[in-house]
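Participant: What follows is a structure written as structure tokens; I'll ask about it next.
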Amino acid sequence: MRDHTADLDAYAAAFEALTPQNLASDLGPFYAEQAYFEDPFNQVYGWEAIEAIFEHMFHTVHHPKFDVLTRALSSDTAFLEWQFTFFDRQYQGHKIYGTSKVVFDAQGRVLSHVDYWDTGLYIYQKVPVLGAIIRWINRKLRPAT
């Protein structure tokens, strides 16, 4: 069985250095032909669909940056804890913390990449009316102090 430590290190480094200019050349080769990618808003197969998600990201936020904080590897499965920073259209800075589960194939290519992060905390609570409703629900669900 292949040791995927170098694969994981290179994949994490590619994410940390990701730009619109190097998206296809530096990130694309990591993915198996029918790789699966999932985040809270997308579920797609294949590099072209994955690339479209990142292209959309680069068009909708300013200065997006991934920083891998920790990583763990067991056999062909890795977990990455990351911080995603960006600026919105009003140039307000944002940080999103999340985790990715990444599965490698025998050649070291990514078969599956699934992102886990809290859309309620980082997105929905910031929407004017919806955010107020979600914060009210959260207060009701907390134990009384």
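The values are calculated or read from the model by the stated rules, or taken from the named source; none is laboratory data. What you see is a predicted model; the values in this text were computed from it and never measured. Every residue, glycine among them, receives a Cβ derived from its backbone with ideal geometry; neighbour counts consider all protein chains shown.
Participant: For Phe58, which of the numbered conditions (1) touching a helix residue (DSSP H, G or I) at 6+ places or on another chain (Cβ under 8 Å); (2) under 28 Å from Thr5 (Cβ atoms) fails to hold?
Facilitator: Unmet condition: (2).
Participant: Separate question: Please go through the range 113-124 and pick out each residue that is crowded, with 16+ Cβ neighbours inside 10 Å and at pLDDT 75 or above.
Facilitator: Answer for the range 113-124, where residues must be crowded, with 16+ Cβ neighbours inside 10 Å and at pLDDT 75 or above: His113, Asp115, Trp117.
Participant: With the structure loaded, tell me whether Gln34 is surrounded by fewer than 12 Cβ atoms within 10 Å (Cβ to Cβ), in contact with a Phe, Trp or Tyr (Cβ under 6 Å, 6 or more places away or on another chain) and not charged (D, E, K, R) or whether it fails that test.
Facilitator: Working: surrounded by fewer than 12 Cβ atoms within 10 Å (Cβ to Cβ): yes; in contact with a Phe, Trp or Tyr (Cβ under 6 Å, 6 or more places away or on another chain): yes; not charged (D, E, K, R): yes.
It is true that Gln34 is surrounded by fewer than 12 Cβ atoms within 10 Å (Cβ to Cβ), in contact with a Phe, Trp or Tyr (Cβ under 6 Å, 6 or more places away or on another chain) and not charged (D, E, K, R).
Participant: How do the pairs read when you match residues in the range 31-50 that are touching a residue at least 60 places away in the same chain (Cβ under 8 Å) and closer than 9 Å to Ser112 by Cα with residues anywhere that are assigned to a helix (DSSP H, G or I) and of a type outside the set (Val, Ile, Thr), using Cβ under 7 Å and keeping only pairs 6 or more apart or on different chains?
Facilitator: Short answer, once both residue conditions are applied: Tyr31/Trp47; Ala35/Trp47.
Participant: Right, something else. Show the residue pairs that are 6+ apart or on different chains and have beta-carbon atoms under 6 Å apart, the first residue being within the range 54-80 and farther than 30 Å from Gln90 by Cα, the second being loosely packed, with under 13 Cβ neighbours inside 10 Å and modelled with pLDDT of 95 or more.
Facilitator: Going by the 6 Å Cβ cut-off, the qualifying pairs are Phe79/Ala72.
Participant: His63 passes all but one of (1) farther than 17 Å from Ala17 by Cα; (2) out of contact with any His (no Cβ under 8 Å at 6 or more places or on another chain); which number fails?
Facilitator: It fails just one condition, (1).
Participant: Shifting gears a bit: What is the residue count in the range 103-116 for residues that are touching a Lys or Arg at 6+ places or on another chain (Cβ under 7 Å) and assigned to a strand (DSSP E or B)?
Facilitator: Filtering the range 103-116 for residues touching a Lys or Arg at 6+ places or on another chain (Cβ under 7 Å) gives 106, 108, 114.
Next, only the ones that are assigned to a strand (DSSP E or B) stay: 114.
Total satisfying the criteria: 1.
Participant: Answer yes or no: is there a residue in the range 125-141 that is more than 11 Å from the chain's Cα centre (by Cα), part of a loop (DSSP other than H, G, I, E, B), aliphatic (A, V, I, L, M) and surrounded by 12 or more Cβ atoms within 10 Å (Cβ to Cβ). Give the steps one after another, and end with the answer.
Facilitator: Narrowing the range 125-141 to residues more than 11 Å from the chain's Cα centre (by Cα): 125-141.
With the extra rule that they be part of a loop (DSSP other than H, G, I, E, B), the set shrinks to 127.
Checking the rest, the ones that are also aliphatic (A, V, I, L, M) come to 127.
In the following step, the residues that additionally are surrounded by 12 or more Cβ atoms within 10 Å (Cβ to Cβ) were identified as none.
There is no residue in the range 125-141 that is more than 11 Å from the chain's Cα centre (by Cα), part of a loop (DSSP other than H, G, I, E, B), aliphatic (A, V, I, L, M) and surrounded by 12 or more Cβ atoms within 10 Å (Cβ to Cβ).
Participant: Let me ask something additional. State the number of residues belonging to the range 50-100 that are of a type in the set (D, E, K, R) and over 20 Å from Ala10 (Cβ atoms). Steps first, please.
Facilitator: So the first thing to find is which residues in the range 50-100 are of a type in the set (D, E, K, R), and the list is 51, 55, 65, 67, 71, 76, 81, 88-89, 95.
Among the residues that remain, those that are also over 20 Å from Ala10 (Cβ atoms) are: 55, 88-89, 95.
The number of residues fulfilling the criteria is 4.
Participant: Which residues, taken from the range 52-61, are surrounded by 12 or more Cβ atoms within 10 Å (Cβ to Cβ) and more than 19 Å from Leu80 (Cβ to Cβ)?
Facilitator: Filtering the range 52-61 for residues surrounded by 12 or more Cβ atoms within 10 Å (Cβ to Cβ) gives 52-58, 61.
Selection gives Ala52, Glu55, His56, Phe58, Val61.
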